[in-house]
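*Asks:* Next up is a structure, given as structure tokens.
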Amino acid sequence: MTTTIEVGMLGLGTVGSGVVERLTQAARKIEQTQGIRLHLAAVAVNHLNAPRAVKLPIGTRLTDSLTNVVCDQRIQLIIEVMGTVATAKSAIKAALNQGKSVVTANKDLIATAGAELTALARRQHCDLFYEASVAGGIPILRTLTDSYATDNIQSVDGIINGTANYILSAMTAGQTYGDALAAAQAAGYAEADPTNDVGGIDAAYKLMILSRFAFGQGLTFQQVAPVGITGLSATICQTVARHGWQIKLLAQATQHNQQLYCRVAPVAVAQTQPLSEIAGVQNAIAVQSDAIGASLYTGPGAGSTATANSVLNDVIVAAQHLVNGQSAVNTALPVNQGAVTNLADLPQDYLVVGAKAVSAVQVYANEVDFSLQTLAPDCLRLNALTARQRQQVARQVQVTLVPIAGTVRWPAATKNAITTPVHVAI
Ligand SMILES: NC(=O)c1ccc[n+]([C@@H]2O[C@H](COP(=O)([O-])OP(=O)(O)OC[C@H]3O[C@@H](n4cnc5c(N)ncnc54)[C@H](OP(=O)(O)O)[C@@H]3O)[C@@H](O)[C@H]2O)c1
């Protein structure tokens, strides 16, 4: 028997168009395998008369009123793919308050208001899913929830901003930062205002969400304190690559001695590591855990079809819950709020690039107590540099210091440790 679920969607841009397309293409499969017919009853947009990339199914209402969709009594499930924070938040709250399940791709909103919205969803016994908010097409949140249910995750290291990775790959191939950014914009990979991508802000939001699933612990934006890629140049990327590393904008969260550490920053990844090979707009998340060991999840981090696929997978799970009358199983949010330290605060090895920079640091190293290794006339490795020493070096000689992945010197266990096992259900 097939049950029809009435769906409303907010937004019909890149992701929304993909949802309409995938919904049409996969309708038969969804019906056959799930026994569900997803009927797109209404779609809200901002500009009613703007040209659209897709044709809506016959009978789907197009409106420029969010209320018209959110307050439609027949609609049981809302897909929010319009972006924005305040508007999307109030629309999602309104939907949840009326007992509708919600699927969203909105990382900015979920990173900053996920706890509040999840609490509301739980009170309302509704689903709130957001797989597409992290790494677009890679089903990483559900994988962390389902496949690591009995495992203990030690670290997640992600390349989760395709635009930044595209620019870094292009700079490593010799393009200037400006040319690489312009090429990313021309290809539709970067927004007209690329601040969130190149400033590490988008990656920070995604890490804040990932951390909840991997460790059951939320991170604040201040704790992540993202560092972007704007301070880098083709020379730095190429020199580092000649000496055996690739610079990647890494989003990292690690549990060590039951304490959580995090960072979003450009990091030199050894070319022997799989993450170093993730090029262009691809995303990847490396997970280290007790039972599985090292695993790598890679795929498209954005794009209409891949992101829409993640959205629809959430829709199907939420629709199944509606059909079965199941009390919704939410992304139960972590209660744990243990201390968090930024990885930049720990001693670790750094690379310094550029002939002038190298000689300046060599002179300075004679005055201050840190050890360095000259890899080439234009590349130095500073070993076990403390945060204080790093700040001193950066202040005195104004160089770009790139941390080397996997070289952190861990402190001994502290009292502020995560003590309860965490589990996140979706
Ligand atoms: N693009 C990706 O690959 C990707 C990947 C992962 C996650 N996401 C997330 O998915 C969401 C959507 O991204 P997108 O790239 O699809 O955005 P987009 O192409 O800019 O589309 C936004 C859509 O929302 C509509 N909209 C905006 N404000 C509205 C309002 N106040 N009322 C009604 N409709 C409104 C727009 O209407 P008009 O068309 O009439 O202007 C447009 O159709 C964002 O949260 C984004 O972060 C995107």
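*Asks:* Just for the Cα atoms in region 295-406, what are the lengths along the principal axes, largest first, rounded to whole Å?
*Replies:* 71, 35, 25
*Asks:* Taking the Cα centroid of region 173-216 and of region 1-26, what is the distance between the two, rounded to the nearest whole Å?
*Replies:* Measuring centre to centre over Cα atoms gives 27 Å.
*Asks:* Sort Ile5, Ile285 so that the residue with the fewest other Cβ atoms within 10 Å of its own Cβ comes first and the one with the most comes last.
*Replies:* Ile5, Ile285
*Asks:* Would you please classify the overall shape of region 1-125 from the alpha carbon gyration tensor, given that a ≥ b ≥ c denote the square roots of the eigenvalues, rounded means a/c under 1.5, and beyond that prolate means a/b larger than b/c while oblate covers the rest?
*Replies:* Cα axes put region 1-125 in the oblate bin.
*Asks:* Continuing with the same structure: Per the Kirkwood definition applied to all pairs of different Cα atoms, how many angstroms is the hydrodynamic radius of region 35-76?
*Replies:* The answer is 11.4 Å.
*Asks:* In addition: What's the exposure ranking of Cys379, Cys237, Cys71, going from fewest to most Cβ atoms within 10 Å?
*Replies:* Fewest-to-most ranking of Cys379, Cys237, Cys71: Cys71, Cys379, Cys237.
*Asks:* Among 201-212, 21-32, how do they line up from the highest to the lowest mean number of other beta-carbon atoms within 10 Å?
*Replies:* Put in order of decreasing packing, that is 201-212, 21-32.
*Asks:* Sticking with this structure for a sec: In whole Å, how far is the Cα centre of region 141-159 from that of region 61-88?
*Replies:* 32 Å
*Asks:* When the gyration tensor of region 343-384 is built from Cα positions, what are the square roots of 5 times its three eigenvalues, in whole Å, from largest to smallest?
*Replies:* With the √(5λ) rule applied to region 343-384, the semi-axes are 17, 12, 8 Å.
*Asks:* Points 7 angstrom from Cα along the Cβ direction at Thr33 and Ser359: gap in nanometres?
*Replies:* 6.3 nm
*Asks:* Build a GNM of the chain with springs between Cα atoms under 10 Å: which of Asp197, Asp369, Asp157 gets the top mean-square fluctuation?
*Replies:* Judging by the Gaussian network model, the answer is Asp369.
*Asks:* Related question: For region 171-299, count all C-alpha to C-alpha pairs, find those more than 21 Å apart, and express that count as a whole percent of the total.
*Replies:* Of all Cα-Cα pairs in region 171-299, 44 percent lie more than 21 Å apart.
*Asks:* How are the C-alpha pair distances of region 202-255 spread across 5 Å bins, as whole percents from the shortest bin up?
*Replies:* Pairs per bin, as whole percents: 4, 18, 23, 16, 13, 13, 10, 3.
*Asks:* Most mobile of Lys356, Lys248, Lys107 per a Gaussian network model of the chain (Cα springs, under 10 Å)?
*Replies:* Lys356
*Asks:* Among Asp127, Asp378, which comes first, then next, by fewest other beta-carbon atoms within 10 Å? Working shown, then result.
*Replies:* Details: Asp127 27, Asp378 19.
Final ranking by Cβ density, sparse to dense: Asp378, Asp127.
*Asks:* Could you identify which residue out of Val361, Val70, Val198 has the top mean-square fluctuation in a GNM of the chain using Cα springs shorter than 10 Å?
*Replies:* Val361
*Asks:* What is the calculated FRET efficiency for Glu21 to Met1, with r their C-beta to C-beta distance and R₀ = 22 Å, to the nearest 0.05?
*Replies:* Result of the calculation: an efficiency of 0.25.
*Asks:* Roughly what % antiparallel, to the nearest 5, for the DSSP beta bridges in the chain? Intermediate values should be presented prior to the final figure.
*Replies:* Numbers: 43 of 69 bridges.
In the chain, approximately 60 percent of DSSP beta bridges are antiparallel ones.
No lab work stands behind these numbers, since they all come straight from the coordinates. Keep in mind it's a predicted model, so treat the numbers as computed, not measured. Using ideal geometry, Cβ is built from the backbone for each residue, glycine included, and neighbour counts are taken over all protein chains shown.
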